[in-house]
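The values are calculated or read from the model by the stated rules, or taken from the named source; none is laboratory data. As the structure is a computational prediction, the values presented were derived from the model and not from experiment. Please note: Cβ atoms are built from the backbone with ideal geometry, for glycine as well, and neighbour counts cover all protein chains shown. These area figures cover heavy atoms from the full protein model, side chains too; ligands, DNA and RNA do not enter into them. Shrake-Rupley method; radii C 1.70, N 1.55, O 1.52, S 1.80 Å.
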Amino acid sequence: MANKYSWPEKPALLGTSVKRLDGPDKVTGRAKYTYDINRPGMLYGKMVRSPLPHARVVSIDLSAAEKAPGVKAVLAHVAVGAQVMYQGDPVAAVAADTEERALDAARMIRVRYEALPHFANVEQAMATDAPAVFPGGNTRQGATEETGDLVAGFAKAAHIVEATYATHVITHVCLETHGCVCEWDGDKLTAWISTQAVIQSAQQFAQALGIPQANVHTIMQYMGGGFGSKFGPDSQGIICAKLAKLAKAPVKLMLDRKEEHLDTGNRPSATAHIRAGITADGMLTAFDGQSWGTGGAGATSGFPLPYIYNFPTRKRTHKDVYINAGQQRAMRAPGHPQGCFLTEILMDELADTIKMDPVAFRVKNLPPAAPNAMWAEYFARGAKAFGWDKRHATGDPTPGPIKTGMGVSAHRWGGAGQGSQAHVDIMSDGGIVVKCGTQDIGTGTRTIVGMVAAETFGLPLSAIKVEIGDSLLPFSGGSGGSTTAASAMPAIRVTSVDALEALFAKVAPALGTAPENLVAEGGRIFIKGTPAKGLSWKDACKLIGTEPISVNGKWAQGLSGSGTSGVQFAEASVDIETGIVRVTRILAIQDCGLIVDKLTAESQAYGGVIAAINFALFEDRILDRVTGQMVNPNMEMYLLAGMSDVPKIDIMLNNMPERGVIGIGEPPTVSTASAIANAVRNATGATIRSLPLHPHKVLAALEQEKAGGTN
Amino acid sequence: MAVIRDVMPVFELYQPASIDDAIKLLDKHGADALVLAGGLDSMDWLKDRLKKPKAVVDLGQIKELKGIKETNGGLEIGAMTPLSEIVRHPVVREKFSLLMEAAELVASPQIRNQGTLGGNVSQDTRCWYYRGGWTCYRAGGNICYADTPTSVNREHAIFDADRCVAVNPSDTAPALVALDASMVIRGPKGERIVPAEDYWIGPGIDITRMNVLAPNEILTAIRIPPTMAGAQFYFEKVRDRQVWDFALVNVASAIVVSGEKIVKARMVVNAVAATPRRLKNVETLIIGKARNEETADMAGKLAVEGAETLRHNAYKVPLMRNLVKRAIRGAGATWTS
C-alpha cells in the first residue's frame, strides 16, 4: 500500500540513465583508491607465505630480517609446529621503509618446513587410499535431498540421459589487489582498506586485535573490484595492523597478483554425475545427481542442483572435497553458475533425445510464473529479439570449418535488502549531505544514493553531497548477495522524505499553508497544484535558520523486494579445425525490481556477462598435481578476455517498479557460460560437459565425436 | 651507468651507443650480463628475480641497430626495429607481407610499439614451470617438471623434445624461416651470418639456450633476400584469446605457383618444438602439385608424422595438421566458400 515513503509514480530521475558521480574523478586519477593512500612516515609491509601445499613449520628465523636495512617490524604469523595447508598460506611478515627493502627482508626470513602429503585435485583427495590430510576427513558428505518417488519417475521416462558435468575453479582477479593502510594513534586504529564491507571490517579488526570497535575507523572511498572476495581485513589486514603497531608507524600492505590468485578466494569447482529422465512429449520426470566439488583447504563447495527446472522426482547428494589450495570465498552469485551449467547442458541433451526445441522444452518444464520467476516471458521475448527461429538443429550443416550455433540458459537470484541506516542534513544555504555507511564497490552505489535523495528533494543530482564508505557513518551492511541497493536505497528514501517533511514544516508558514500541502519538484517547494505559490529550494532553505535539518532514518519494508529472474541467449562460432570458440552475440534479459540508474544497472549486466565469458572460455586455476603449485598465478597464463574477445552484448532490463529496489550485481553472470556452451554444442554437435571451453578441449571433443560420438 | 633498484635485483645498467661498445661490455661481463632489447620479457625475468645479472646492457641507444634498409630486392632490418615499424613498412607490406602478418599478430599494440624484431625472434620459452622459477633442466637443474605423467603441459612440444619439452613461442621466427632470412650476428671476433633456419637450437644441443647467440654476441640485423618476394603467403596463429596470447601453434608459408602447380615452397610451424619447425618433407611433397584440398590433406598428414604427444597436448597434432592444410589451401582457408 502506498505511503509517504513509497517510490514516486512518475519519477524525474529514477529509471533514467545517469552517469556516475565519480566518473570524472576516476578517469582523471583524482579518485584515491586504497593503493593510492600514502601517509607521512609510512612503511611497506610484505608477507612471507608457504611455498608448499602442506607442511609443518619446523622453525622460523626472523633474525636476519630484523637486522636488514630499513626494517622496522618483523613478525611470525604462525607458531613453530603449526601446519600450513596450501601454497600461499601466510607464515610471517615484515615492514620496512621502502617496498624494495621490505621485499629484501622478507626474503631473509628463514622458514624450515617438513613437507606433508597433499592433494592438488579432487581425484587425489577422494582416492580410497588417500592419506589423512585434513583433520576430520578429506571429504564431507552432505545430507541426501530427496523429493518424490525416483523409481517411479524414471519408470515414466521415455529417454534417460546419464553423464558427468563439471565446472572448474576460477579466482576473483580483482584489478585492485587486496590490502590496506593501517595507522595507529595510541590504541585507536585507522585503516584504509579495499573492502566490500567497510563497517564490518572495523568490527573484524577490533575482534582480531582485541580493541573496542569504537577505536577502529575504516575508510573505503574507491575500490577496484571485490566480486565477493573482500568482506574483511583477512590475514593481510590484521598483519598490516600488527606491523604498524610494532613499528609505531603507518604501514601499507597490498598483495601482489600471485598472492591474489593463491590466497584471496576462488569459485569452488563443481562436478556431478547425473541421470535424468524425460517423457516422449518433453516433460521432465526424474533427476538423480551425485555431486562433489572443492572449495580448497577445508572449505565448502555447495551449489543448487538441479537448477530452476521442475523435476517432479529428484534426489541429490553432495560431497565437499578438501584439497591443499586457498579457500574459496563468495564469488558473484555463489554456487549458481555451477548449478546452472550442470543443469543447462543436461537440458539441451534431454531436449535432443526427443528433438524438441530447447526453448519450448524449457518453458514446458518451468516452475509456475511469479514476479520473481518470469522466465517463460523472457524466453519468448528473447527468442524473438535474438532471432531464435533461425537456429538450426544440433550440428551446423554449413560446409567448411566455421560452425555457428545458438544456446540459451536461465537463472535466478535473491537480492533482498535490510537494515541500512542513513542520515540527511539540509543546511540553510540549501546544501544537502546524505550519509550512509554503505560502500561503492564499483557498482555505482555512490551515484544511486545521490539519485534517490535528489529524486525526493526534486533537485538535480549535482545538488546532493554523498558521503559513504566510512565506518563512522550510519550503519549499512556489506556489499554481498546483491543486497546493497535494496538495503541502502530504502534508507536514503525514508530519511530524505523525513528531512523534506522537516523542511516543509519550516517553509509552510511562510507560504501560508500546512506542510502536507507542499511538494518539492524541479528545484522548488510549492503548494501542490499551484507551482506559482512557492519558493526556490535555496530561498526555502533560508527559512531553516542556524540549526540545520538533521534527520536519521532506516530501511523500511515495502521499498525493496527480493528474487530476480533472467534468461540469456548466446551465439557462438566454432572453428572446428582449431578449436577456437568465438562468442559473437549475447542477449541478457534481466529484472531487478525498480531500476534506480538504468546506466549503472546495465553496466552491472555487461560486467556480469563479460565475467562469465571469462569463466566459459578463458579462466582456469591450474595446480600441478605433483607439487601442488599453481602454474599460472599471473595475468599472462591465467586468461581473461581482451577487447577483441568481447562480443556484441545486448541488455534488456525489465523495470518492475512495483516490486521496489532489488539488487542486480550477481544474477547477470550466472547463465552466460551455460548459454555459450549450449551454443557451441549447437554449432558443432559435440557435447563438452565441462568448462572452460579451451581449444584443446574443443578439438578433443570434436575428434571424439568423429570417432563415434560423445553420447 | 646507473644502479637500478626497484623490486628488481640490483644491477649495473649500461647503455652503449655503438655495437662495438656493446660487444666489449658483453665480452667483459660474460654470463653475468643480460642483453636488454625492448625489455618486455627481460623486465619480467628481473621483477620475478629469476634472473639476477650483475650487468644489464641496454641496446636502446645504438642507432645502427634500428631501421629498415632496402638491399638488392631484399631488406635488412635492424634487430632493434620495433615490430610496429615493420608492420607499417611499405616494402614489407608489398613484398614480404608474411612478416607483416606475423608481426601484427604479436601481443598487443603497446607491446608491438616497444617490442623489437630481434627480441621477438630471440625470446625465451614461455613454459610455465620454467617461468615459475622451478629449477628444471633449462634453468640448470636436472628434471623437467612439464614432462611427467601428471604434468600440466597443454602448451608443450610434440616434436624433438630432449629432456626439456618447452617450445619456441615466436610468431616472427617461422615467418623469417619461410622467407629464407639470415641473421647477422656480431661478436668480439667480428660478424657471422647464420641462416634463420639454423639460428634456433633445441635442447639436444644446448638445453639452456634458445638460439646460437653466445653470451658475448648480439643479433644486429635480419636480412631478407628477394628469394620469396611476392610469393603467395599464408600466416595463421591460433591462440586462446584474440589478443596478447602466444601461439598454441602458428604456421607460416611462402608458396610460388606457376600455371596450376606449386614450383617453390617454404613452410614452417612454430610452438610445436623448441625451434621453429621447417617442414621440408611437406615442401618436397607439394612441389609440382596443385594447391587444392587433396594436396592440403596429404601435406597435413605428412606434417604431423612422428609427433610425440604428452598428457595434455595431443590436440596440437590435429591443430598443426589443420593449419598446414589451411596453408596449402591459402587465403580464405578459414572461412567457408
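Some observations on this one:
- A loss of 50 Å² or more of accessible area (1.4 Å probe, protein heavy atoms, ligands and nucleic acids excluded) relative to the isolated chain is seen in these residues of the stretch A:626-652: A:Val631, A:Glu636, A:Met637, A:Leu639.
- Put a dot 7 Å past the Cα of A:Thr98, heading toward its Cβ, do the same for A:Ala64, and the two dots end up 2.1 nm apart.
- Tail weight of P(r) past 56 Å, computed on alpha-carbon pairs of the protein assembly as shown, percent: 21
- Vicinal HN-Hα couplings computed from phi for the stretch A:66-79 (Karplus, 6.51 cos²θ - 1.76 cosθ + 1.60; Hz; Gly/Pro x): 4, 8, 5, x, x, 7, 10, 7, 9, 8, 9, 8, 10, 8
- Rounded to the nearest whole Hz, the Karplus-based 3J(HN,Hα) values (6.51 cos²θ - 1.76 cosθ + 1.60, θ = phi - 60°) of the stretch A:228-241 follow the sequence x, 9, 10, 9, x, x, 6, 4, 5, x, 5, 4, 4, 5, with x at glycine and proline.
- Relative contact order [Cα under 8 Å, 6+ residues apart], the stretch B:231-329, whole percent: 24
- Here's how it looks for A:Ser560: its modeled amide H is under 5 Å from those of A:Val661, which are all 5 or more places away or on a different chain.
- Sorting B:Arg311, B:Arg49 by solvent-accessible area of protein heavy atoms yields B:Arg311, B:Arg49, largest first, with a 1.4 Å probe.
- Counting only residues at least eight positions apart within a chain, or on another chain, the lysines with an alpha carbon under 25 Å from that of A:Lys315 are A:Lys156, A:Lys364.
- Listed residue pairs exceeding 31 Å between alpha carbons, taken from B:Lys54/B:Lys280; A:Lys4/A:Lys542; A:Lys26/B:Lys237: B:Lys54/B:Lys280; A:Lys26/B:Lys237
- Between the amide H of A:Ala73 and those of A:Ala95, distances stay under 5 Å, these residues lying 5 or more places away or on another chain, with hydrogens modeled in the peptide plane.
- Of the accessible area of the stretch B:12-58, computed with a 1.4 Å probe over protein heavy atoms only, carbon and sulfur atoms account for 47 percent.
- Cα extents for the stretch B:12-58 along the principal axes, largest to smallest and rounded to whole angstrom: 30, 19, 13.
- With a Förster radius of 35 Å applied to the beta-carbon distance between A:Lys706 and B:Asp198, the computed FRET efficiency rounds to 0.35.
- The loop-placed trypsin sites (Lys or Arg not before Pro) in the stretch A:1-98, going by DSSP, that have at most 15 neighbouring Cβ atoms within 10 Å of their Cβ come out as A:Lys4, A:Lys19, A:Arg30, A:Lys32.
- 5 angstrom amide H check on B:Thr220, placed H, neighbours 5+ away: B:Val184, B:Ile185, B:Arg186
- Against the compact-protein benchmark of 2.2 N^0.38 Å, the Cα-based radius of gyration of the stretch A:405-504 scales to 1.23.
- Taking each residue as 0.36 nm, the span from A:Leu246 to A:Gln213 lengthens on full extension beyond its C-alpha to C-alpha distance by 9.9 nm.
- Cβ-derived FRET efficiency at R0 41 Å, A:Gln203 paired with A:Thr139, nearest 0.05: 0.80
- Relative contact order %, the stretch B:1-117, counting alpha carbon pairs below 8 Å whose residues are six or more apart: 24
- If you look at the Cα atoms of the stretch B:135-251, you get an Rg and a Dmax of 16.4, 47 Å.
- Efficiency of FRET between B:Lys52 and A:Asp25 - r from beta-carbon atoms, R0 51 angstrom, step 0.05: 0.80
- Evaluating 6.51 cos²θ - 1.76 cosθ + 1.60 at θ = phi - 60° for every residue in the stretch A:467-483, the Karplus couplings come out as 10, 9, x, 8, 6, 7, 8, x, 4, 8, x, x, 8, x, x, 6, 9 Hz, glycine and proline recorded as x.
- Cross-link table A:Lys10/A:Lys533; A:Lys258/A:Lys598; B:Lys28/B:Lys69; A:Lys252/B:Lys47; A:Lys32/A:Lys648; A:Lys230/B:Lys52, entries beyond 26 Å C-alpha to C-alpha: A:Lys258/A:Lys598; B:Lys28/B:Lys69; A:Lys32/A:Lys648; A:Lys230/B:Lys52
- Mean shadow area of the stretch B:231-329 over all directions, Cα convex hull, nm²: 6.4
- Sequence-separation-based contact order of chain A, relative, with Cα cut under 8 Å and 6+ spacing, percent: 16
- Estimated translational D of chain B in µm²/s (Stokes, Kirkwood radius over Cα pairs; 10 °C; 1.306 mPa s): 78
- For the stretch B:48-166, the mean projected area of the C-alpha convex hull, equal to one quarter of the hull surface, is 10.0 nm².
- Potential extension, A:Ala115-A:Ser17 segment - 0.36 nm per residue separation minus Cα distance: 29.6 nm
- Distance between the modelled labels on A:Asp256 and A:Arg381, one decimal in nanometres: 4.9 nm (7 Å Cα→Cβ projection).
- Accessible area of chain A belonging to carbon and sulfur atoms, whole % at 1.4 Å probe: 54
- Distance between the pseudo-spin-label points of B:Arg88 and A:Lys10 (7 Å out from Cα toward the beta carbon): 5.8 nm.
- Area accessible to solvent at A:Glu349, 1.4 Å probe radius, in Å²: 10
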